[in-house]
Amino acid sequence: MKIAVCVKQVPDTWAEKRLRESDRRLDRESADGVLNELDEYAVEEALRLVEAHGGEVTIVSMGPERAAESVRKALSMGADAAIHVSDDGLAGSDALATSLVLARALDGRDFDVVIFGSESTDARMSVVPAMVAERLGWAMLTFAQKVDVDGTTVAIERAGDGETVSVRASMPVVLSVVEKINEPRYPSFKGIMAAKKKPVESLDIASLGLDAAAVGASGAWSEVADFAARPAKAAGTVVTDEGDGGAQVASYLVEQKLI
Amino acid sequence: MKSRIMSEQDLAFLLYEWLDVEALTSRPRYREHSRETFDAVMELSRELAEQDFAPHNRLGDTHEPHFDGTDVHVIPEVAKALAAFAESGLMAATLDAEVGGGQLPQVVGRAASTWLQAANIATITYPALSVANANLLLAHGSAEQVERFVRPIIEGRFFGTMCLSEPQAGSSLADVVTRAVLQEDGTYRLFGSKMWISAGDHDLSENIVHLVLARTPGAPPGVKGLSLFIVPKFLVNDDGSCGERNDVVLAGVNHKMGYRGTVNTILNFGEGTYQPGGGQGAIGTLVGEEHHGLAYMFHMMNEARVGVGAAAVALGYTGYLHALDYARNRPQGRPAWDKDPSSPQVPIIRHADVRRMLLASKSYVEGALALVLFAALLLDEQLTAETSDARDEAALLLDVLTPIVKAWPSQWCLKANDYAIQVHGGYGYTREYPVEQFYRDNRLNAIHEGTDGIQAIDLLGRKVVMQSGAGLRALHGRISATCARADGDLAAYGQALQDAINRIGGVTMALWADRDPRIALSNSSLYADALGHVVIAWMWLEQMQACAGKSGAFYDGKRAAGAYFFDFELPRIGPTLDLLQRCDTTFSDLDDACL
């Protein structure tokens with residue numbers, strides 16, 4: 001089974017993120033870059049699937065040069081090879097453009113399964129997996145909390161509101177996984193040493209045969225119109241209980257339309 | 001997000017901008033490595049620290065290992081963290097490739113392990129002791145012993161201990177009485193009791209490999225009659241599996257002030273609870289030759305002493321980072337010139353006395369971290385430097401610095417923990433905040449692996465006079481070279497440090513002029529205090545030189561902490577050196593009745 005895992009380098013999940021005034025884009029230099037936390041679950045699931053069924057795992061990432069660190073981390077967890085798409089012309093790409101680039105990088109390589117984390121912790125759109133599936137014309141199984149492979153059939157369990165939905169599809173499929181699915185392994189020391197020698201294919205807009213105008217900021221279908229800093233935390237409301245504390249709390253919640 | 005466990009930026013500065021550890025990768029032993037692998041190991045250690053070690057640091061303190069009368073039970077979070085650590089392969093990262101190691105430079109391994117020590121010193125102590133145990137056996141054990149005991153340790157299946165002290169013999173190992181009797185099959189049977197054995201019994205590993213100092217019949221008295229034995233909790237079968245229970249029995253656990261998650265035990269050997277092989281006594285095998293036990297054990301103890309220094313730094317460092325974070329976020333009071341009580345309060349970091357404590361703490365923990373990493377680099381130099389002269393010099397320097405690496409952080413990084421409580425005020429004295437635990441944990445480091453008093457005696461009594469003072473001369477030479485490079489804004493610091501190390505030389509000669517050990521024993525601790533401060537001032541001058549021409553808050557912070565150390569700390573040793581020059585014998589001569 002040939003599995004691709006699409007990963008993204010994002011600013012440290014827990015860091016205070018900033019938008020740049022100049023182009024209203026995320027200032028990626030303001031925080032350390034890390035492998036998107038949810039993508040670690042995708043890498044883990046891919047590794048488990050090939051451990052159970054055989055095959056190989058290829059990491060696919062679109063991002064600037066420094067994203068190579070995150071690609072390397074995924075390799076040190078145990079993936080076999082990687083494709084890194086990097087080009088200054090990709091800066092400012094929205095979800096549509098990203099899906100176009102990823103679909104082009106994935107197409108024609110005989111992957112049976114492509115796995116994504118359910119969202120990136122910076123953009124939080126959750127739409128790229130579906131867009132990639134649509135562009136490739138493959139089945140789409142999203143928000144999986146459990147994955148089973150039987151021959152060429154992939155079955156998932158998706159957690160719904162109050163119910164679990166079982167969905168299955170024939171390969172090739174695009175999967176996205178949620179954090180309930182597994183506990184990602186750490187890279188190992190041996191994995192770190194081995195990752196240095198694993199093949200990483202570098203691609204850019206030209207080598208993918210893409211029109212530069214269709215990607216990057218110029219090809220974006222969406223843009224950030226405006227933004228404002230989060231207002232400072234206001235002082236809390238203190239309820240003094242003089243026998244009617246419960247009623248006061250209830251009134252407050254009603255006023256805030258919380259109940 | 002900036003961590004409160006360790007400073008990623010400081011570690012990177014020390015490794016790459018100061019010590020230039022990337023240069024090591026040109027040496028054959030390290031040629032498989034690169035900045036990339038070093039960074040990945042640091043990141044892996046940080047992830048383990050944040051996700052598996054730090055979360056149960058408090059729980060391990062409040063739920064210390066429980067002795068049910070037969071066995072010790074440790075909270076499950078410890079086993080989970082140690083399994084993740086073993087799985088990561090970091091246990092063997094610095095060992096030779098031929099035994100399955102990764103030949104990571106010691107200095108990078110040491111830097112990486114500070115994350116785990118700061119996150120949860122009690123949990124990381126189990127594998128740390130085991131690695132030291134494995135290193136001893138790799139140096140002095142037979143091939144068969146390495147195969148039988150070291151490989152399972154590297155794989156994380158067995159853990160190890162060091163069994164030196166006895167109830168009546170703590171710092172004085174000459175009084176060890178545990179007996180080891182040679183058997184016809186070449187093994188030994190051991191009988192005796194060992195005290196203060198960290199990780200002596202637990203349910204965390206398949207087996208526990210005890211390294212035990214004992215005395216064979218007819219052995220010379222004192223430390224020259226001590227031999228070293230491997231005594232596993234379970235005998236190991238030829239196929240590597242664990243077999244019969246050996247007669248090593250837990251007699252009880254010690255309840256400590258800190259490091260509570262590391263079980264500390266009293267072990268009885270050969271008291272008859274079990275009869276392995278149908279006979280009396282715990283079965284052990286000799287390491288190396290009889291009567292060389294203490295020399296072998298020192299292999300482990302020297303490593304353990306650098307490890308203790310690193311632990312003291314890590315605990316002081318995390319205390320400082322917690323205090324810094326608290327001071328930035330705790331609003332309290334207003335500037336002295338603001339008389340308007342309705343004006344907003346300022347964070348306490350704006351108050352001069354809080355800044356004094358934070359800057360002092362920064363100078364202690366960052367200075368001591370530099371020393372620990374420098375010592376670790378000396379290990380790499382000792383192993384891989386290109387010329388034999390350079391290797392010998394590194395060994396000599398490491399020898400003379402080891403007691404300082406162990407004792408200075410144990411004293412001064414503990415002071416940083418003390419300040420961390422003070423910065424927190426009343427909250428710091430409660431168990432709701434972690435700084436009190438850091439203090440309690442760190443208080444051990446001045447005691448175990450040779451008390452600070454023992455380190456001081458080792459320093460003045462042995463290290464600075466060995467080989468006719470070659471160690472001290474080597475140190476003097478290195479420090480003088482740094483001083484000679486100090487120019488511009490740093491010239492005055494260079495001169496101050498040169499004067500200080502010159503005075504140390506004079507004082508050393510004065511203290512040994514009469515070759516009277518009373519004088520040395522009376523003055524060893526003061527001497528260690530003074531030389532320790534000189535060495536840390538050296539570390540600061542080196543760091544300030546590495547910051548030359550660089551701007552930004554991080555480098556300004558380095559310069560501020562270095563200036564603090566030279567302006568406020570180094571001058572403290574002047575009166576101490578005056579006192580030492582007098583060769584006072586008060587502490588040797590004092591009548592006990594006066595105390």
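A few notes on this one:
- Antiparallel content of DSSP bridges confined to the protein assembly as shown, in %, to 5: 60
- Stokes-Einstein diffusion coefficient of the stretch B:322-426, Kirkwood radius over Cα pairs, 37 °C, 0.692 mPa s, in µm²/s: 200
- Shielding of peptide B:27-39 by partners, expressed as the average count of other chain Cβ atoms within 10 Å per residue Cβ, is 2.
- Percent of alpha-carbon pairs separated by more than 15 Å within the stretch A:38-139: 64
- Angle between chain B longest axis and helix B:293-329 axis [Cα atoms, degrees, rounded to 10]: 40
- The local environment of residue A:206, defined by Cβ-Cβ distances under 15 Å, has a net charge of -4 under the rule Lys, Arg +1 and Asp, Glu -1.
- The distance between label points at residue B:87 and residue B:16 comes to 2.9 nm (points 7 Å beyond Cα on the Cα→Cβ vector).
- Rg/Rh, computed from the Cα trace of the stretch A:2-219 with Rh as the Kirkwood radius, has the value 0.95.
- Peptides B:49-57, B:527-535 ordered by average Cβ neighbours within 10 Å, highest first: B:527-535, B:49-57
- For the stretch B:451-590, the fraction of C-alpha pairs more than 25 angstrom apart is 31%.
- Of B:339/B:558; A:233/B:2; B:256/B:406, those spanning more than 25 Å from alpha-carbon to alpha-carbon: B:339/B:558
- Restricting the stretch B:292-355 to trypsin sites (Lys or Arg not before Pro) that sit in a DSSP loop and have at most 10 other Cβ atoms within 10 Å of their own Cβ leaves B:339.
- Degrees, to the nearest 10: B:553-564 long Cα axis against longest axis of chain B: 90
- Taking other Cβ atoms within 10 Å as a rough exposure proxy, B:66, A:84 sort from fewest to most as B:66, A:84.
- Separation of alpha-carbon centers, the stretch B:361-396 and the stretch B:404-483, rounded to whole Å: 17
- Modelled spin-label separation between residue A:19 and residue A:53, with each label point placed 7 Å from Cα along the Cα-to-Cβ direction: 4.1 nm.
- Summing +1 for each Lys or Arg and -1 for each Asp or Glu among the other residues whose beta-carbon sits under 9 angstrom from that of residue A:2 gives -2.
- With contacts taken as Cα pairs under 8 Å and at least 6 residues apart, chain B reaches a relative contact order of 12 percent.
- Cross-link partners for residue A:197 among the lysines, with Cα-Cα distance under 30 Å and sequence neighbours closer than 8 places in the same chain left out: A:2, A:8, A:73.
- Among A:206, A:217, A:81, the largest mean-square fluctuation in a Gaussian network model of chain A (Cα springs under 10 Å) belongs to A:206.
- If a spin label sat at a point 7 angstrom from the Cα of residue B:485 along the line to its beta carbon, the backbone N atoms of the stretch B:377-412 nearer than 17 Å would be those of B:377-378, B:381, B:394.
- Zone residues, the stretch A:120-158, relative to residue A:170, backbone N less than 12 Å from point 7 Å out along Cα-to-Cβ: A:139, A:152-154
- For the stretch B:113-259, share of DSSP beta bridges that run antiparallel, in % to the nearest 5: 65
- Loop sites here are GluC sites (Glu not before Pro) outside DSSP states H, G, I, E and B with no more than 13 other Cβ atoms within 10 Å. The longest part of chain A free of them is A:22-162.
- Share antiparallel - DSSP beta bridges, the stretch B:131-218, percent rounded to 5: 40
- Under 5 Å from the amide H of residue B:203 lie the amide H atoms of B:74, each residue being 5 or more positions distant or on a separate chain, with H modelled from the backbone and absent for Pro and chain starts.
- Cα gyration tensor shape of the stretch B:265-389, rounded if a/c is under 1.5, else prolate or oblate by comparing a/b with b/c: oblate
- Net charge, residue B:107 excluded, C-beta distance under 10 Å - Lys, Arg +1, Asp, Glu -1: -1
- Look at B:391, B:110 and count the other Cβ atoms within 10 Å of each Cβ; fewest to most, that gives B:391, B:110.
- When the protein assembly as shown is described by a simple charge dipole with +1 on each Lys and Arg Cβ and -1 on each Asp and Glu Cβ, the residue from B:216, A:188, A:61 located farthest towards its positive end is B:216.
- Given charges at beta-carbon only (K, R positive; D, E negative), |dipole| of the protein assembly as shown in Debye: 1380
- Just so you know, the Cα atoms of chain B work out to an Rg and Dmax of 24.4, 88 Å.
- Rounded to the nearest 500, the 222 nm mean residue ellipticity of chain B from helices alone is -16500 deg cm²/dmol, with -39,500 (n - 2.57) taken per DSSP H run of at least 4 residues.
- Tensor-based shape of the stretch B:133-217 (alpha-carbon gyration tensor, a/c under 1.5 rounded, otherwise prolate or oblate): oblate
- Per residue, the Cα convex hull of the protein assembly as shown amounts to 239 Å³.
- For the residues of B:260-273, the average number of beta carbons from a partner chain within 10 Å of their own beta carbon is 0.
- Alpha-carbon centroids, the stretch B:50-111 and the stretch A:159-223: separation in whole Å: 32
- Fewest-first ordering of A:258, B:401, B:379 by other beta carbons within 10 Å of each residue's beta carbon gives A:258, B:379, B:401.
- Volume of the convex hull of the stretch A:184-236 (Cα atoms only), normalised per residue: 238 Å³.
- Shown in residue order for the stretch A:205-215 are the 3J(HN,Hα) couplings computed by the Karplus curve 6.51 cos²θ - 1.76 cosθ + 1.60 at θ = phi - 60°: 4, 5, 5, 8, x, 8, 7, 4, 6, 8, 10 Hz (x for Gly and Pro).
- The length gained on full extension between residue B:567 and residue B:147, counted as 0.36 nm times the residue separation minus their Cα-Cα distance, comes to 145.8 nm.
- Proximity of backbone amide H atoms, modeled 1.01 Å from N, is registered between residue B:292 and B:228 at under 5 Å, excluding neighbours fewer than 5 places apart on the same chain.
- Where labels lie 7 Å past Cα in the beta-carbon direction, separation of residue B:27 and residue B:2 in nm: 3.4
- Cα gyration tensor shape for the stretch B:225-295, rounded if a/c is under 1.5, else prolate or oblate: oblate
No value in this document is a laboratory result; all are computed from the given coordinates. This is a predicted model, so every value here is computed, not measured. Reconstructed Cβ throughout: ideal geometry from the backbone, glycine too, with neighbour counts over all protein chains shown.
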